[in-house]
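Everything on this sheet refers to the single structure shown next.
What follows is calculated from the coordinates using simple rules that are stated; it is not laboratory data. These numbers were taken from a predicted model, which means no experiment stands behind them. Cβ placement follows ideal geometry from the backbone for every residue including glycine, while neighbour counts extend to all protein chains displayed.
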């Protein structure tokens, strides 16, 4: 994965910004303010000004660009934001730090504490992100770690984990397919090495897309996927089974996001996944 000297990284007001110096614009913003879970928005391609993420859409106001969460952790919801459902115990994912790892080869880290609705700490989350270029594609690699602060049970559920919300519009539609050759609604709840999503986006002549690659070292690879009606995509390890972590135990997941302007083909994505599987 190649890098490019065109990038500048800075942290302001608990947010990390990655700037494209050549085009004089922000490529991504990783928000780590104390009031909300860590999330990435906006996230843009390098070929176009198109923004690939959407923050708090009307159909799912608790979703914020690129984020993480689970529906049930020790009986507490970490998918919704606090205060969004009075009938459900909702926990909080509270950022505690954000820092730059490498400015030359852009990489950064974010840490957060998951607390239940009574304020008890359950999980320490660490996200390590890195950016690179592969030919014409911008790549975002994530190493996502969850460490149990106390014994933790993550419930089996139809979604949960890393999630990407793009600016889907029903009247435009979207194209989604996976490594198993399934398309559209057929991809929902199915195991796959990767899922690719591309859609028209207002203000862009080409639209944009995101592919998520599931690393073969991940537990229960190939993971099952949530692909919702508004085309949010989510490699979801809790679809297959519940997960139990003893105090101090760490679980690690690795993913690669490929940001697309022109849609990638099945064969191109297969080659890109093979490359990633060797990392």
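Residue by residue through region 50-72, note down the ones that are assigned to a loop (DSSP other than H, G, I, E, B) and under 15 Å from the mean Cα position of the chain (by Cα).
Within region 50-72, 52, 53, 54, 56, 62, 63, 65 qualify.
As an exercise: evaluate residue 160 against (1) crowded, with 21+ Cβ neighbours inside 10 Å; (2) in contact (Cβ under 8 Å) with a residue 40 or more places away in the chain; (3) at negative phi and give the number of the one condition it does not meet.
(3)
Go through region 179-190 residue by residue and tally those that are in contact (Cβ under 8 Å) with a residue 40 or more places away in the chain and more than 27 Å from residue 38 (Cβ to Cβ).
3
Quick one: in region 35-49, which of the residues that are surrounded by fewer than 22 Cβ atoms within 10 Å (Cβ to Cβ) and free of Cβ contacts under 8 Å to residues at least 60 places away in the same chain is nearest to the chain's Cα centre (by Cα)?
41
Just a yes or no: is a residue in region 175-182 over 22 Å from residue 51 (Cα atoms) and within 18 Å of the chain's Cα centre (by Cα)?
Yes; the residues of region 175-182 include at least one that is over 22 Å from residue 51 (Cα atoms) and within 18 Å of the chain's Cα centre (by Cα).
Which count do you get for residues in region 75-100 that are touching a strand residue (DSSP E or B) at 6+ places or on another chain (Cβ under 6 Å), part of a loop (DSSP other than H, G, I, E, B) and surrounded by fewer than 20 Cβ atoms within 10 Å (Cβ to Cβ)?
Of the residues in that region, 4 qualify.
Being more than 18 Å from the chain's Cα centre (by Cα) and surrounded by 21 or more Cβ atoms within 10 Å (Cβ to Cβ) is the filter here, so list the residues in region 188-206 that pass it.
201
Before we move on, is residue 247 part of a loop (DSSP other than H, G, I, E, B) and either over 13 Å from the mean Cα position of the chain (by Cα) or within 26 Å of residue 47 (Cβ to Cβ) (or both)?
yes
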